[in-house]
2 protein chains.
Amino acid sequence: MVMTMNFKQLAELYKNELLGNVIPFWEKHSGDKEYGGFFTCLDREGKVYDTDKFVWLQGRQVWMFSTLFNNLENRDRWLEIAEHGAGFLEKYGRDENGNWYFSLTREGKPLIAAYNIFSDCFATMAFGQLSKAARNDRYAEIAVSTFKNIIARSDNPKGKYNKAVTGTRPLKSFSLPMTLCNLSLEIEKLLDKNLVNETIDRCIHEVMEVFYDRDFWLIRENVNPDGSFSDSFEGRLLNPGHAIEAMWFIIDLAERNQDQGLLKKAVDITLHTLDYSWDKQFDGIYYFLDIKGKPVQQLEWDQKLWWVHVEALITLLKGYYHTKNPACLEWFQKVHDYTWSHFPDQQYGEWFGYLNRRGEVLLPLKGGKWKGCFHVPRGLYQVWKILEKLNES
Amino acid sequence: MVMTMNFKQLAELYKNELLGNVIPFWEKHSGDKEYGGFFTCLDREGKVYDTDKFVWLQGRQVWMFSTLFNNLENRDRWLEIAEHGAGFLEKYGRDENGNWYFSLTREGKPLIAAYNIFSDCFATMAFGQLSKAARNDRYAEIAVSTFKNIIARSDNPKGKYNKAVTGTRPLKSFSLPMTLCNLSLEIEKLLDKNLVNETIDRCIHEVMEVFYDRDFWLIRENVNPDGSFSDSFEGRLLNPGHAIEAMWFIIDLAERNQDQGLLKKAVDITLHTLDYSWDKQFDGIYYFLDIKGKPVQQLEWDQKLWWVHVEALITLLKGYYHTKNPACLEWFQKVHDYTWSHFPDQQYGEWFGYLNRRGEVLLPLKGGKWKGCFHVPRGLYQVWKILEKLNES
């Protein structure tokens, strides 16, 4: 089955889904012509069901359309959409310290304070890509100053909103070094070479040595400051989608650094994580697990989320492209089959985001507080392009 | 079916489950003999799987054993357990401002800061009941000073941990007035009469006029400061279990105030909430809904939780006892059947807490961060006692 995979035909599938279904859905439904920015709370048909604007998703959509413009085709419409979102973000997105709010009202009034450093990460990605598309240094300056602010805040990203009492259990979280792996490559050209190299080296070390658990062959979400295991809810937590997504960031870095050992290790971690987190009864990848098999706090632990599966497709295909490890292609086929038979909505377009353990639709939305124009189109684009390379090679 | 309900036999069932299964489970498994306080993270068999101590659950267990001692039987063992928990709480539970932490390590070091005012509410309940059981004024002082601190903090319960930007969308939440309905009755005898009456009047008004939505006949979780509807995720949110639980607090207050109109209104709201939130396909009461039927943010929205069903049993039977409305008894039978066929664990005792939409066990734990020795035994006790009264009447 795997051996007969038709890369050319598959590439067409991913391309057509991206350009014929997913991107048009967001082009059609998400723009707020009155107040600027994007609606992301879109119901099954694409109708707006809530007007709050979440900075994560505003930034991600700016990034997505800028990326399509930069890497695929210089369509004016795509640049226009990206600048439409960036204008709203630039005007309303930051507090007096230059930190990015978590959410805004439709009109741009700040709703939820800048407690979440990933708002800043996605703003950096957005303005970084857009500065290239629009050839505008002002956007580049926003990206660079936000990036430096992230680095400065990285020891205590939640600032005064951190509810953990200082000193008792000072865990550090996987999300930030993971995101910085990708972010530093994203805006590499805007940064000082030393800062890039330093950041990349530190993040690779953090992800692959500190958060990677040698005993379990899995990536932990939280560790003690010295990297040791914390036998607590947070310390035992696994987020397989996170770990697998991080592995394609690492594969990209390994490619840049021409580091075959790192590449192989990233592929091994991916395959082991999938083995561990695949639901043997109903298929699909679990959302959260406990490294010791204890009950998790997350009631959504057994759900099947769109981004987890999309990210796995990218990592597996990148892994296969670079290593030709057949297990990557077998897993790609398996995750591809699950993904395409469960997430796309044949009736109203775009993809469902949230399925229950059995793979039934849990929430019919196409976008919300966390799902926007990002994982699906980024994944379709990435997989399409790797399939093309595989077809040519 | 309903007409032939054997109150006497049912009372035995609830009594035996309380005294023969649930209370012994916590007596046996939850005490931390080494460091004091209670383990609440107990797996299916009752084994400790995490040692963190959550102030909500420490307080609730102290309250439960004090209540059994005060209302059922003066068993030394029950007072001993209550004081065992209270000693730990008194020594480690509060910060320098007298606010109660959210969680502590096994040894009592503060883990999560006092961002959550319900820690204070459950501490008040705990020390209020215990002061009566132990005839100890020091406990009463802790209850009273904590209660006054709650009232003082009630305009901004999260304090500096409130991430909502001031002024943009200043919602108020149902949880606190709802809890104060119960709390003010709980420690009525320790408080100045005027303070009690003021608090009760204000809370009844808040619950039954402000948070109750006349158009939908449902209770909203969050409203604008003037009580109007906020068309936002928070403003549209329904938590049927919360609303139904609040209605037995209101029924208790209506009984105290001899207010038949209030009683009838509480029963009507209960019945309508159940109609609205009962899962017609798989049975059971949903965890979260949107008042306009839009997608909710809570991924656990369709799950069936133990406390929701237990609280509904109490409200329905209290409602029936006071009004003799046959719909209360019909619903009681329906919720009773669902509850007893899904939550009790025949093999290892106590009750499961978290079921998926289909009623299958989602997490096999008997206790965790939110489930402890509280809703199941309180509900069994309350229902048993009402059944006895119904049998005698």
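The values are calculated or read from the model by the stated rules, or taken from the named source; none is laboratory data. What you see is a predicted model, and the numbers here were worked out from it, not measured in a lab. All Cβ positions, even for glycine, are placed from backbone atoms using ideal geometry, and neighbour counts span all protein chains on display. In case anyone asks, the SASA skips ligands and DNA or RNA and just uses the protein heavy atoms, side chains included. Shrake-Rupley method; radii C 1.70, N 1.55, O 1.52, S 1.80 Å.
Structural remarks
- Each copy carries a label point for residue B:9 at 7 Å from Cα along the beta-carbon vector; from one copy to the others these points are 6.5 nm apart, nearest first.
- With q set to 0.06, 0.08 Å⁻¹, the log10 of I(q)/I(0) for chain B, from the Debye formula over equal scatterers at the Cα positions, is -0.22, -0.39.
- Label zone (residue A:168, point 7 Å along Cα-to-C-beta; backbone nitrogen cut-off 16 Å) within segment A:234-278: A:234-235.
- For chain A, the mean residue ellipticity at 222 nm estimated from helices alone is -17000 deg cm²/dmol, where every DSSP H run of n ≥ 4 contributes -39500 (n - 2.57) and the total is divided by all residues, rounded to the nearest 500.
- For segment A:113-239, the alpha carbon convex hull comes to 116 Å³ per residue, rounded to a whole number.
- Every Cα-Cα pair of segment B:106-148 was included, and the share exceeding 11 Å stands at 64 percent.
- Residues with amide H under 5 Å from that of residue B:103, placed H, sequence gap 5 or more: B:55, B:111, B:112
- With the label put 7 angstrom out from Cα along the Cα-to-Cβ vector, residue A:347 ends up 3.9 nm from the copy partners, going from closest to farthest.
- Take every Cα pair under 8 Å whose residues are at least 6 apart in sequence, average their separation, divide by the length of chain B, and the relative contact order is 19 percent.
- Evaluated over the Cα positions of segment B:187-238, the convex hull gives a direction-averaged projected area, one quarter of its surface, of 4.3 nm².
- Taken one residue at a time, the phi angles of segment A:333-348 give Karplus couplings (6.51, -1.76, 1.60, θ = phi - 60°) of 4, 5, 6, 4, 4, 4, 4, 6, 8, 10, 8, x, 9, 5, 7, 10 Hz. Gly and Pro are set to x.
- From phi via Karplus (6.51, -1.76, 1.60), per-residue ³J(HN,Hα) for segment B:18-34 in Hz, x at Gly/Pro: 5, 8, x, 10, 6, 4, x, 4, 6, 4, 7, 9, 9, x, 9, 5, 7
- The tail of the calculated P(r) for segment B:160-210, taken as Cα-Cα distances beyond 13 Å, holds 63 percent of the pairs.
- If you model segment A:1-159 as an ellipsoid using its alpha carbon gyration tensor, with each semi-axis the square root of five times an eigenvalue, the axes come out at 29, 19, 16 Å, biggest first.
- Proximal lysines to residue A:132, defined as alpha-carbon separation beneath 26 angstrom and excluding residues fewer than eight positions away on the same chain: A:15, A:28, A:33, A:53, A:91, A:148, A:189, A:193, A:318, A:371, A:385, A:389
- Amide H within-cut-off set for residue A:93, under 5 Å, with H built and near neighbours excluded: none
- The contact residues of segment B:160-175, meaning those that lose at least 30 Å² of 1.4 Å-probe accessible area when all protein chains sit together rather than their chain alone, are B:160, B:161, B:163, B:165, B:168, B:169.
- The A and B chains share an interface that buries close to 3700 Å² of accessible area, total over both sides, probe 1.4 Å.
- Teacher prompt: residue B:189 distances to equivalent labels in other copies, 7 Å Cα→Cβ, nm: 7.8
- Length gained when the stretch residue A:228-residue A:257 is fully extended (0.36 nm per residue, less Cα-Cα span): 7.7 nm
- When the Gaussian network model of chain B links Cα atoms closer than 10 Å, the mean-square fluctuations of B:63, B:248, B:340 top out at B:340.
- Proportion of all alpha-carbon pairs of segment B:163-318 beyond 18 Å (%): 59 percent
- At most 13 other Cβ within 10 Å, DSSP loop - trypsin sites (Lys or Arg not before Pro), segment A:312-343: A:324
- Other-chain or far-sequence residues with amide H under 5 Å of residue B:351's (modelled H): B:345
- GNM top mover of B:15, B:304, B:53 - chain B, alpha-carbon springs below 10 Å: B:15
- Compactness index (Cα Rg / 2.2 N^0.38 Å), segment A:259-393: 1.08
- Normalised contact order of segment B:1-138, rounded percent, pairs of Cα under 8 Å and 6 or more residues apart: 23 percent
- Here the Gaussian network model covers chain A, with springs between Cα atoms less than 10 Å apart; of A:263, A:195, A:176, A:195 fluctuates the most.
- Using θ = phi - 60° in the Karplus curve 6.51 cos²θ - 1.76 cosθ + 1.60, the 3J(HN,Hα) couplings for segment B:321-329 round to 4, 7, 10, 6, 5, x, 4, 4, 6 Hz; x is entered for Gly and Pro.
- The fraction of accessible area contributed by carbon and sulfur in segment A:329-393 is 43 percent, rounded to a whole number (1.4 Å probe; ligands and nucleic acids excluded).
- Over the protein assembly as shown: Rg over Rh, Cα atoms, Kirkwood Rh: 0.98
- Accessible area in square angstrom per residue, segment A:9-124, 1.4 angstrom probe: 37 Å²
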